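A short reminder: the numbers here are calculations on the coordinates, not readings from a lab. Here the structure is a predicted model, which means the values were calculated and not measured. Ideal geometry is used to build each Cβ from the backbone, glycine not excepted, and the neighbour counts take in all protein chains shown.
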Amino acid sequence: MNVSIIMPVYNAEKFLNHSIESILLQSYKDFEFIIVNDGSTDLSLDIIKKYKEKDHRIKLINNKSNMGISYSLNIAINSSSSKYIARMDSDDISLPNRIERQFNFFKSNPSTDILGTLAYVSNEDKIHEKTKIIKKPTNVENIVNYSKYACPVLHPTYFVKKKVYDDLKGYRELYALEDYDFIIRSINKGFVIRNLNEPLIIFRRHSQSISAKNYFQQISKHNQVIKLNSIINKKEQGKIVEKINNIKNVPMLFSISISYRSIFIDKFYAKKNYIYLFFIFITSFLHFRAFQSLWRITNSRRFL
């Protein structure tokens, strides 16, 4: 078996059928599909069992209680014996040739250790109406530079050599930022990261998604992740991990300013109208952390 596709699931009954089917219908067939039911209280487990009975490639791991995404991913990784591990989220859609494109890229570019892709964005119940493309840097140098400000690889697009996970001992327990931390640690270890310059998943935007619920928390904690990976002292690292995991709420002013700032940045880059710079700085100075976020995101766009 060359590829293990791993997917944590928690109360995802609304979208789970489409997500599972998008993997089972991949043009590349030689994979195992490890699904971790993370203590779901809805019908997710029943849905997974239904597909498992039909397709022998599905391997089910059932957590008795909700353990979180890092724990569930690490369980799946440790259960895999494949050379490559691909990520999948329970509310997204992988395009039919996604795994094949990523696997073939690794064959042609064996120095690559981690490979992501771009992504289409769709709204909750309109999966085939793609509203935009999420862009990320594609070459190694730009990915390293981008990582100083934001995560350069979309987590549900990861295609990773298992030796990378083994070397880094999987994901650390960092609330809502385990993926960014993993990428920073990979870069610090010298692993080669690239992105394919094409969207190969459909990222579903809805109110209950992890990224939607934790967007402002993720932004407010980026600096802490960078700091965590710049120090060696284990005691100091522990303090930062505790601080990151304790940030569960952000001020309303910060949330509002970040929201409008994102809109104005997109308008500025789309229309090159400098009036939007005025609104960008107004919303940024409403809160100091919003200004920090503006600086990170604006700088990261130089490497797209």
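A few notes on this one:
- Sequence of Asp179, Asp46 once ranked by neighbouring C-beta atoms within 10 Å, starting from the fewest: Asp46, Asp179
- For Glu21 and Gln237, a Förster radius of 35 Å and the Cβ-Cβ distance give a FRET efficiency of 0.30, rounded to the nearest 0.05.
- Taking the fewest neighbouring Cβ atoms within 10 Å as the starting point, the ordered list for Val164, Val36 is Val164, Val36.
- Straight Cα distances below 14 angstrom link Lys64 to the aspartates and glutamates Asp38, Asp42, with same-chain residues fewer than 8 positions distant left out.
- Shape category assigned to segment 3-217 from the gyration tensor of Cα positions, a/c cut at 1.5: rounded
- Estimated FRET transfer efficiency when R0 is 41 angstrom, pair Asp46-Ser230 (beta carbons, to 0.05): 0.35
- Among the listed pairs Lys49/Lys135; Lys59/Lys132; Lys29/Lys49; Lys29/Lys189; Lys49/Lys189; Lys54/Lys132, those beyond 29 Å (Cα-Cα): Lys49/Lys135; Lys59/Lys132; Lys29/Lys189; Lys49/Lys189; Lys54/Lys132
- With both residues required to sit in segment 3-217, DSSP beta bridges show an antiparallel share near 30%.
- 16 Å Cα-Cα reach of Lys148 towards aspartates and glutamates, excluding residues that sit fewer than 8 places from it in its own chain: Glu178, Asp179, Asp181
- If only the Cβ of Lys and Arg carry +1 and only the Cβ of Asp and Glu carry -1, the dipole of segment 3-217 around its Cα centre is close to 440 debye.
- By the count of other C-beta atoms within 10 Å, a proxy for reagent exposure, His155, His56 are ordered fewest to most as His56, His155.
- Taking 12 Å as the straight-line reach from the Cα of Lys162, the aspartates and glutamates in range (excluding those fewer than 8 positions away in the same chain) are Asp113.
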